[in-house]
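Chemist: Following this message is one structure expressed as C-alpha cells.
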Amino acid sequence: MTTLSLATLQRIPPEIARPSYDPRGVEIGIVHLGIGAFHRAHQAIYTDDALGQNGGAWGICGVSLRSSDVRDRMRPQNGLYTAVEKSPEAVHRRVIGSVREILFLGAERSAIDARLAHPATRIVTLTVTEKGYCHDPSNGRLNFEHRDIAHDLATPREPASVIGLLVAALDARRNAGSGPLTIVCCDNLPHNGRVLRGLVAEFAETRDAALARWIEQNASFPSTMIDRIVPATTAADIADNDAALGMHDAAPVVFEPFKQWVIEDRFVTDRPNWEAGGAQLVADVAPFEAMKLRLLNASHSAFAYLGFLAGHEFIYQVAAQPVFVTFMRRFMNDEVTPTLEIPGTIDVAAYGDALVRRFANPALPHRTQQIAMDGSQKLPQRLLATARDNLAAGRAMPLLTLAVAGWMRYVAGRDEAGRPIKVDDPLAAQFSAIADRHRDDPRSLARDLLGVRAIFGDDLSRDPRFAEPVTSCLEQLFRDGAARTVARTVAAR
C-alpha cells in the first residue's frame, strides 16, 4: 500500500485538507520535546495554522525521549500525519505539515544537541507529562535524589532528564553565542512556566552559577494552559484512516473538536502567529489553568479511578451513568468552583456543561486506565490544591475525598473482583509495598498512603477534616464497591 509522504501528498482525496503551504520550504525554528499524540493533536496543529496564514521559519523538530516508535512511524512519511477530529456528528481529517524533522534521543543525541543550540531555534516546547520534570509534585521543587538528576549532575554532557537536557542546551547556546531561547511548557502543572523556570534555575545553579545568571537574562518560560481530549490511537483508527486516505499513515492522531491554548505573553524571542489557530495570548494564565486543572482534569481523574473500579473501560461509558454525571456536576459546582477566580470572559456553568458533553463523546473511546496513569504526579494539582482551599474556607468536600479514596483503592493494585490492576506510576513499587502490608485493612492502607509526603505533603495527613473522610470513603469502597459508594455519596448531598 502507498504510504503518506511528501511524494504522495497530492494524491490524497480532495475532501481531506492538506497544508496550504509547501512543507519542503519550511525551515525549523521550534524543537518539541516529547512528540507524542497530544503534541500532534494540539500545538503542531496550531503551528500548521500559523504557517498556513503567515508562513515563516517555524517548522518543528520533534524529539522522542524514551522510544523510537514515533520517529520510526513518521520519518518515512517526511513528518506528515493525519489529524482526525471526531464527534458524534462527523469525522474531519486533515494532513499536518508543520513537523519537519523527527529525532530520537537514544540514537541521535548529537543531532538533537545541534538543533537545540542552533541560532535558528528560538522556541522549545514540551509535553513530557508531569513525571518528566523530576520534581516533587507537593512543592514544585527539583528532586535532587531522582536518579536522572543525579546522573545529569555527574554527566552533564549526556543528560537523561528533560531538565538536564534543557540546561545543557542553554549552556551550549551561551558558549556558541546562539542567542536567547523561549521555553514553553505545555504539561498540566500549575504555573507550569514558573515551575519549569525554577527547576532549570535550581539545576543550573548547582552546575554553574554563571550559567544560571545567563539563563536568567536570556531565557523566558511562559506559562500555558492546554486543553484537548486525545485518546491513544488504536489499530482500528489507523485502518479507518488508511481507508479514507487511500494510502497508509502509520501516525494519525484522533481527538475531539474542542481545543484551547492560553499562553502567557512572555517571549524573549519572536514566535509563530499561533493566534491563527485560535490561541489566546494573555498577561496571566493562572485563572484559566486553575479552571482546567480543577474542573476538567480533576473530574477526569475521578471518573478514571471510580469509573474503572465500577467496571467501565472508557470515559464515555462512565459519563453515560446518570449517577456519575450528578457526581461530576456537584463536584464542580459545590467543591471546585468556590475555589476559583473565574476569568470575566468565561461562563463557568456553560464550561461545566461542555465538559459533561465532551466526556460523553462516544466517538472518543478514552480508556479510564490511560487517564489513571501517573496519579502520584497528578493528584497534587488536580485534587489536593482544591482540598487545601476548601479546608482553609471550612467547606466540606465529600466528593473530592471520595475521588482521592478512589485513587487509593486503584493503586492498591486489585480490582473489585480481585484481579490485578497494572498500576502505571513512578511510585508504583511503593504503593505495592504499602498494599501488601495492609490489603485487608483499609484504614491502615489509607494512613500509609496519606503518609506519602511527595503527594500529600506534611499537612493533609495530619488534618482530620481531610484524612478521616478519605479513610471512611476507602472503607466504603472496599466494603460496597465504587458504583454503590458513588450513588450513596451523591444521594447524601
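Laboratory data are not the source of any read-out in this text; all were calculated from the coordinates shown. Worth saying up front: this structure is predicted, and the values here are computed from it rather than measured. Reconstructed Cβ throughout: ideal geometry from the backbone, glycine too, with neighbour counts over all protein chains shown.
Chemist: Against the globular-protein guess of 2.2 N^0.38 Å, express the Cα radius of gyration of segment 155-269 as a ratio, rounded to two decimals.
Modeler: Taking N as the residue count of segment 155-269, the ratio is 1.42.
Chemist: So, one more: Restricting to Cα pairs below 8 Å that are 6+ residues apart, what does the relative contact order work out to for the chain? Please round to a whole percent.
Modeler: Taking the mean separation of contacting Cα pairs over the length of the chain, I get 15 percent.
Chemist: Another one. Please list the non-local residues whose amide H lies under 5 Å from the amide H of Q280, H modeled 1.01 Å from N, same-chain partners needing a gap of 5 or more.
Modeler: W261, V262, I263
Chemist: Ignoring solvent entirely, what values of log10 I(q)/I(0) come out of the Debye formula for the chain at 0.07, 0.11, 0.13 Å⁻¹ when each Cα is a single scatterer?
Modeler: Those come out to -0.38, -0.95, -1.30, one per q.
Chemist: State the antiparallel share, in %, of DSSP beta bridges confined to the chain, rounding to the nearest 5.
Modeler: Close to 35 percent.
Chemist: Sticking with this one: I want to make sure I understand the PRE zone here: with the label point 7 angstrom from the Cα of A114 toward its beta carbon, which residues in segment 151-170 have backbone N atoms less than 17 Å away?
Modeler: 169
Chemist: Another question about this same structure. If you take every DSSP beta bridge fully contained in segment 83-237, what fraction is antiparallel? Give it as a percent rounded to 5.
Modeler: 50 percent
Chemist: Using only helices, what value at 222 nm comes out for the chain when you add -39,500 (n - 2.57) per DSSP H run of length 4 or more and divide by the total residues, to the nearest 500 deg cm²/dmol?
Modeler: The helix-only estimate for the chain comes to -13000 deg cm²/dmol at 222 nm.
Chemist: Sequence-distant or interchain residues sharing an amide H contact under 5 Å with D227, placed H: which?
Modeler: Here the answer is Q260, since their amide H atoms fall under 5 Å of that of D227.
Chemist: For segment 244-253, take each phi angle, set θ = phi - 60°, evaluate the Karplus expression 6.51 cos²θ - 1.76 cosθ + 1.60, and give the result in whole Hz per residue in order, putting x for glycine and proline.
Modeler: Working through the residues one at a time gives 6, 6, x, 7, 8, 10, 7, 9, x, 10 Hz.
Chemist: When Rg is the radius of gyration of the Cα atoms in segment 9-282 and Rh is its Kirkwood radius, what does Rg/Rh come to?
Modeler: 0.97
Chemist: Using the number of other C-beta atoms within 10 angstrom as an exposure proxy, rank T337, T182 with the fewest first.
Modeler: T337, T182
Chemist: How large is ³J(HN,Hα) for each residue in segment 153-160, as worked out from phi by the Karplus curve 6.51 cos²θ - 1.76 cosθ + 1.60 (θ = phi - 60°), to whole Hz, x for Gly and Pro?
Modeler: 5, 7, 10, x, 7, 10, x, 9
Chemist: Then there is this: Add +1 for every Lys or Arg and -1 for every Asp or Glu among the other residues with Cβ under 13 Å from the Cβ of R414, and state the total.
Modeler: 0
Chemist: What is the angle, in °, between the Cα long axis of helix 348-359 and the longest principal axis of the Cα atoms in the chain? Nearest 10 is fine, range 0 to 90.
Modeler: 80 degrees
Chemist: Please report Rg (one decimal) and Dmax (integer) in Å for the Cα set of segment 238-363.
Modeler: For segment 238-363, the Cα radius of gyration and maximum Cα-Cα distance read 17.9, 51 Å.
Chemist: Long-range amide H contacts for T3: which residues qualify at under 5 Å (H placed 1.01 Å from N, peptide plane, sequence gap of 5 or more or a different chain)?
Modeler: Correct list: H248.
Chemist: Which ordering of M328, M247 is given by a fewest-first count of other beta-carbon atoms within 10 Å?
Modeler: By the 10 Å Cβ count, ascending: M247, M328.
Chemist: Further question: Based on the alpha-carbon gyration tensor of segment 286-491, what equivalent-ellipsoid semi-axes (square roots of 5 times the eigenvalues) come out, in whole Å, largest first?
Modeler: Working from the Cα gyration tensor, I get semi-axes of 25, 20, 15 Å.
Chemist: Another question, then. Could you go through segment 372-381 in sequence order and give the Karplus-derived ³J(HN,Hα) for each residue, using 6.51 cos²θ - 1.76 cosθ + 1.60 with θ = phi - 60°, rounded to whole Hz, and x for Gly and Pro?
Modeler: Per-residue couplings from phi come out as 6, 4, 6, x, 4, 8, 9, 4, x, 8 Hz.
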